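Q: So that we are looking at the same thing, I have put the structure below in structure tokens.
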Amino acid sequence: MNPYLAGTLLGIVLLLSMFLSGRGLGASGGLKYCVVSVVGAVDKSHADKSVFYSKYFEDGKKPLKNWLVLEIAGVIAGGFISGAVSKRLKFKIEKSPKISNTRRLVFAFLGGLFFVYGAQLARGCTSGAALSGMAVLSVAGFVTMVSIFGSAYLFAWFFRKNWI
């Protein structure tokens, strides 16, 4: 897809998101709500006593009913539907011939783990902190975007042998 068209469409989706829901885009918080729900299901007494977890269960709240959880479920379902319609729904590991499948999967898992942890520290992912933040001219949004691209540029040099 043409990057200018994709950027324009992303901007329209962001604008509609803010107009219709009063919030920007973002999904990293959805994982937090899922984890909180699991902790509450496994050890309810711990969740009730914990300063962090208890606020998600106040007044009979159910974390899985948060709109971010529904957004993530919709993204996953949409991805599967898109893959099925385009006949690309199959298990495939994209990688360089220079590395093994195990190494690729380990790096992908670690990258995802670090990204989700960083998103929680930054109080948002690329969509929430960077795109939505920049859309409202937040300094934090611009700092987040520069940090994401800057760190990707720096780390690419170290990991390039795994992909080229």
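Laboratory data are not the source of any read-out in this text; all were calculated from the coordinates shown. Remember, predicted model here, so these are calculated numbers, not experimental data. FYI the Cβ positions are ideal-geometry reconstructions off the backbone, even for glycines, and counts take in every protein chain you see.
Q: How long is the gain from Lys61 to Leu20 if the chain were fully straight, where each residue apart is worth 0.36 nm and the alpha carbon distance is subtracted?
A: Net length gain for the segment: 12.4 nm.
Q: Using the Cα centre of segment 92-164 as origin and beta-carbon charges of +1 (Lys, Arg) and -1 (Asp, Glu), tell me which of Leu121, Leu154, Leu137 is placed farthest towards the positive end of the dipole.
A: So the residue furthest toward the plus end is Leu154.
Q: If you work out Rg and Dmax of the Cα atoms in Å from the coordinates, which of (i) 18.7, 63; (ii) 18.7, 54; (iii) 19.8, 56 do you get?
A: For Rg and Dmax of the Cα atoms in Å, the calculated option is (ii).
Q: Taking every pair of distinct Cα atoms and averaging 1/r, then inverting, what Kirkwood hydrodynamic radius in Å comes out for segment 25-90?
A: 13.3
Q: To the nearest 20 Debye, how big is the dipole of the chain about its Cα centre, given +1 on the beta carbon of each Lys and Arg and -1 on that of each Asp and Glu?
A: 680
Q: Taking a spot 7 Å from the Cα of Phe159 along the direction of its beta carbon, which residues of segment 65-96 have an amide N less than 15 Å from it?
A: It comes to 94-96, nothing else.
Q: Sorted by packing (mean other beta-carbon atoms within 10 Å per residue), highest first, where do 59-65, 114-120, 130-136 land?
A: So the peptides 59-65, 114-120, 130-136, ranked by packing, come out 130-136, 114-120, 59-65.
Q: Output the relative contact order of the chain, whole-number percent, from Cα pairs under 8 angstrom with separation of 6+ residues.
A: 24
Q: Which whole-number value in Å³ per residue fits the convex hull of the alpha carbons of segment 92-164?
A: 97
Q: Considering only Cα-Cα distances, which of the following residue pairs are longer than 19 Å: Lys32/Lys65; Lys32/Lys62; Lys90/Lys161?
A: The pairs that break the limit, which is 19 Å between Cα atoms, are Lys90/Lys161.
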